[in-house]
Amino acid sequence: MADPGISIPGGSRSLGDFLQEELGRIKNVGLLRRLRILESPQTTHVEIDGRSLVNFSSNDYLGLANHPALKEAAMAEWDRAGFGSGASRLVCGTLAAHERLEEAISGFKRAEAALCFSSGYAAAMGTIPALCATDAVIILDKLCHACLVDASRLSGAHLRVFPHNDMEKLESHLRWARSKHPASRVLVVAESVYSMDGDIAPLREIVELKDRHGAWLFLDEAHGVGVLGAGGRGLAEESGVEGRVEIQMGTLGKALGAHGAYIAGSRCLREFLINRARSFIYSTAPPAPVAAAAAKAVELLAGPEGALLLQSLWKNIENLSAALGIPRPPSAIVPIIIGDESAAMQAGENLLASGFLAPAIRYPTVARGTARLRLTLSSAHSEQDITGLANVLRSPVAPSGVSSPSRA
Ligand SMILES: *Cc1c(COP(=O)(O)O)cnc(C)c1O
């Protein structure tokens, strides 16, 4: 069967015909995606198509996306530095706000240094190919985010994929790399929290293995920072291996409520990326107000307010799992696996009809036949929001499969 993402352009068809045909194909297999416009700020209660919905779909885990302190920091920076940065960081776009943000991040992450990128996607695409060329080996977890996969492919390195969280297979790939490519750099790529399953990596074991085999670790903490660890620093903190992960990536647009991403590590790593990461070198610097808002978010998270926000987030995670009768998930992401793509779409529609936003996630974001509702929790959800959602999910007309939610 034709893969909807791939096509063979037919000779002299016009672009319009080609696009129509492709869209028809995607639609026929139930995989057409559409954009929904949010008519309100990004919070737990949003407006879409004039309807008020309780939002369980955002990655704004700490309710910072619409926090007045971030807005104030952004507006003050706008007054001081203007909005557009006008050039790439290396030309004339490096502003005080960028440097302050990077200092805030390296302090927070207890790393020597940090470098910011305009997105997590750009951070991965810049960093992985800079570190690994065709002579290197990259070993990835099967469920790694698309940007990690794309970046690894772009690098041209030898790729090996291990089944999700399978440490035996990771070790056998490491052994293979060491015997077949003894002179090569070997990079292990993993996430802390897997974005569509909400489960976490066995990080201590990964660190032991990569150390034993002389490999480096690239850890994507997109859904770990602001959620895990006593100080919200992520899984590396929670696992007590902060000093042993060479390349720590995190995003500023999820729990931190702003936009962009960072790589934290050694001073040398930062300097190397400034010289080699193409998505950093050849891209306009993020706007100063965005960097200022992100720095404020890091400051909030590191302070007493951050501790309170983390506490309420975990109380909400506890409450939802209790209300659904499932074990407490290890992160703020709760997948309700449904399986069939159309059934999952229907389940999402049913929730929507009851006033809850938790869109279905399906192929190609997750494997075929593992379509799901992806619920995400925020510190800003009220008890009422959570019991309301649980009641809909447990009701007899609830989306099929929800009576026995499972986590992949
Ligand atoms: C969201 C996400 C990214 C991409 O970050 P952006 O800043 O949104 O580009 C990378 N990795 C993971 C695991 C993510 O969930």
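The values are calculated or read from the model by the stated rules, or taken from the named source; none is laboratory data. Computed from a prediction, not measured in an experiment: that's the story for all the values here. No Cβ is skipped: glycine too gets one built from the backbone with ideal geometry, and neighbour counts run over all protein chains shown. Ligands, DNA and RNA are stripped out before the accessible areas are found, and what is left, the full protein with its side chains, is counted by its heavy atoms. Shrake-Rupley method; radii C 1.70, N 1.55, O 1.52, S 1.80 Å.
Of all residues in region 164-197, those satisfying the criterion of being within 16 Å of the ligand (Cβ to nearest atom) and surrounded by fewer than 22 Cβ atoms within 10 Å (Cβ to Cβ) are 164, 165, 196.
In region 222-231, the qualifying residues are those that are touching a residue at least 40 places away in the same chain (Cβ under 8 Å) and over 17 Å from residue 114 (Cβ atoms), and the one that is farthest from the ligand (Cβ to nearest atom) is 228.
Could we say that residue 23 is exposed (fewer than 13 other Cβ atoms within 10 Å of the Cβ), at pLDDT 95 or above and assigned to a helix (DSSP H, G or I) here? Yes. Counting only helices (runs of 4 or more DSSP H) that sit completely within region 68-163, those holding 2 or more residues that are of a type outside the set (Gly, Ala, Ser), away from the ligand (no atom under 14 Å from the Cβ) and surrounded by fewer than 22 Cβ atoms within 10 Å (Cβ to Cβ) correspond to 68-81, 96-108, 146-155. Would you check which residues across region 255-272 are within 16 Å of the ligand (Cβ to nearest atom) and either among the aromatic types (Phe, Trp, Tyr) or on the phi < 0 side of the Ramachandran plot (or both) and list them? If the condition is that a residue be within 16 Å of the ligand (Cβ to nearest atom) and either among the aromatic types (Phe, Trp, Tyr) or on the phi < 0 side of the Ramachandran plot (or both), then 255, 256, 258, 259, 261, 262, 263, 264 are the ones that fit.
Could you tell me which residue of region 208-221 is farthest from the ligand (Cβ to nearest atom), considering only residues that are open to solvent by 10 Å² or more (accessible area, probe 1.4 Å) and over 14 Å from residue 167 (Cβ atoms)? Step by step, filter region 208-221, then rank; the result is 214.
Considering the conditions (1) in contact with a strand residue (DSSP E or B) (Cβ under 7 Å, 6 or more places away or on another chain); (2) over 17 Å from residue 378 (Cα atoms), residue 292 is excluded by exactly one of them, (1). Within region 240-276, being buried (at least 21 other Cβ atoms within 10 Å of the Cβ) and either modelled with pLDDT under 95 or among the small types (Gly, Ala, Ser) (or both) holds for 250, 255, 257, 258, 260, 261, 264, 265.
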